[in-house]
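Notes follow once the structure below has been shown.
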Amino acid sequence: VAGERRYRAAKFLGLSEIPAVQKKLSDEEAQEIQVIENLQRSGLHPLEEAEGYKSLMEKHGLTPEDVAAKVGKSKTYVYSRLKLLSLCPAARTLFLKGTLTPSVALLFARIPDAKLQAHVLKEILESCEEGEVPSHSSVSRHIQENYMTRLDSAPFDTKDAELFSKAGACTTCPKRTGNQKELFQDIQRADVCTDICCFKEKQERAWALRAKAAKEKGMSVIEGEEASKICSYGYINRTSGYVDLNAKRYDDKKQRTWRQIVRNFLPPLTLVRTSEGKVFELTREKELLESLKKAGVKIREEDSPTSTNDDYRKQA
């Protein structure tokens, strides 16, 4: 079942006896031992190792934890090896050639979408000097900064399993770093989405629902180029004539927002979505001034709503 190389080596050395264990095994047990024995070979490529682990799981109904116990490895090690099987063809080829180290290959394998993997791989290779091997730190930084997103700032309910039923809720998704700690030990935050494609899909769906609801309430909805004229880099342009109701009035001792100040005399609202995906509920300055009058709030010309935008920008 196992030990053929040791047996041949013993014969070559002229040994007359060798230590051995005799057992009664079923075909399934014998096959399992053979796979585990094969995984102990020196010079085994990580992808071959991963295929062996996968074979154990599929043919013998083992979990990654079971495999880890049988081969004498940690759970994190086995999970990481298995994840390498998710590499896109281009990354797999470079990994087999030795262009990518196991740790760097794992960074690519953690990107859920194969097409996006290939795209990120191309970006990384184009940024490297000729013959340079991508470093773990540079690849990790690039992926975290451009292809991972914090869920605590998501413009949708991360607990909503119906927003994108194919993906389910973010809180229970395996692509959330906190739900696969064995694979994302290098990511300090647990509430990080590693599937930027799914995140953007949910963002679009949430916006469509919010825009529809706003229109049904009679609100204006602005996006695209027109929105860019009103908002730049996520902030309200002072000359746009619009005011963010959630901005604080800088000269107010209680540091209240305009929404809190007008209270029951809320002016007509406009929903604006920037090119970065940020959404603001705005109102025109002249309409806010009318609401302030109705609320009995006196305001000097130098303290007009638009004069707070610079201060609001500094606070932000």
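Dipole size of the chain about its Cα centre, with +1 on Lys/Arg Cβ and -1 on Asp/Glu Cβ: approximately 840 debye, rounded to the nearest 20.
Give the shape of the stretch 107-200 as rounded, prolate or oblate, defined through the alpha-carbon gyration tensor: a ≥ b ≥ c are the square roots of its eigenvalues, a/c under 1.5 means rounded, and otherwise the shape is prolate if a/b is larger than b/c and oblate if not. It comes out prolate by the Cα gyration axes. Label zone (H136, point 7 Å along Cα-to-C-beta; backbone nitrogen cut-off 18 Å) within the stretch 69-86: 74-85.
Dipole orientation for the chain: of the candidates V120, Q255, L94, Q255 has the Cα lying most toward the positive pole (charges on Cβ; Lys, Arg +1; Asp, Glu -1).
Find the centroid of the Cα atoms in the stretch 189-253 and in the stretch 260-282, then give the distance between the two in whole Å. Their Cα centres are 8 Å away from one another. Applied to the stretch 155-167, the Karplus parametrisation 6.51 cos²θ - 1.76 cosθ + 1.60 on θ = phi - 60° returns per-residue 3J(HN,Hα) values of x, 8, 7, 5, 8, 6, 8, 9, 4, 9, 4, 5, 9 Hz, with x for Gly and Pro.
The relative contact order of the stretch 1-73 comes to 29 percent, based on Cα pairs under 8 Å that sit 6 or more residues apart.
Note on A114 and E162: the extension gain reaches 14.8 nm, defined as 0.36 nm multiplied by sequence separation minus the Cα-Cα distance. Relative to the current alpha-carbon distance between K212 and A190, full extension at 0.36 nm per residue lengthens the span by 4.7 nm. Seen against the Cα atoms of the chain and their longest principal axis, helix 114-127 is set at about 90 degrees. Taking θ as phi - 60° and the Karplus parameters 6.51, -1.76 and 1.60, the scalar couplings of the stretch 59-70 work out to 7, 10, x, 8, 8, x, 5, 5, 4, 4, 5, 6 Hz in sequence order, x denoting glycine and proline.
Relative to the Cα centre, the charge distribution of the stretch 1-151, modelled as +1 at Lys and Arg Cβ and -1 at Asp and Glu Cβ, gives a dipole magnitude of about 260 debye. Split the accessible area of the chain by element, probe 1.4 Å, and carbon with sulfur accounts for 48%. For the chain, the C-alpha radius of gyration sits at 1.51 times the compact-globule guess of 2.2 N^0.38 Å, with N the residue count. The calculated Kirkwood hydrodynamic radius for the stretch 150-262 is 17.0 Å, given to one decimal from all distinct C-alpha pairs.
Sorting 136-144, 160-168, 117-125 by average packing, meaning the other beta carbons within 10 Å per residue, from highest down gives 117-125, 136-144, 160-168. At a probe radius of 1.4 angstrom, the accessible area of the chain per residue rounds to 61 square angstrom.
Under a model in which nothing but the beta-carbon of Lys, Arg (+1) and Asp, Glu (-1) is charged, the stretch 123-262 shows a dipole of about 1200 debye around its Cα centre.
The relative contact order of the chain comes to 10 percent, based on Cα pairs under 8 Å that sit 6 or more residues apart.
Over the chain, DSSP H runs of length four or greater, each weighted -39,500 (n - 2.57), average out per residue to a 222 nm ellipticity of -13500 deg cm²/dmol.
Compute the signed sum of charges (Lys and Arg +1, Asp and Glu -1) over the other residues within less than 14 Å, Cβ to Cβ, of L87. Net of charged neighbours comes to +3.
Legend: residue pairs K24/K97; K181/K212; K212/K248; K24/K54, Cα-Cα distance threshold 31 Å; pairs beyond threshold, K24/K97; K181/K212.
The values are calculated or read from the model by the stated rules, or taken from the named source; none is laboratory data. Bear in mind that the values here come from a model prediction, so they are computed numbers and not experimental data. Glycine gets a Cβ as well: all are built from the backbone with ideal geometry, and neighbour counts include every protein chain shown. For accessibility, only protein heavy atoms count, side chains too; no ligands or nucleic acids. Shrake-Rupley method; radii C 1.70, N 1.55, O 1.52, S 1.80 Å.
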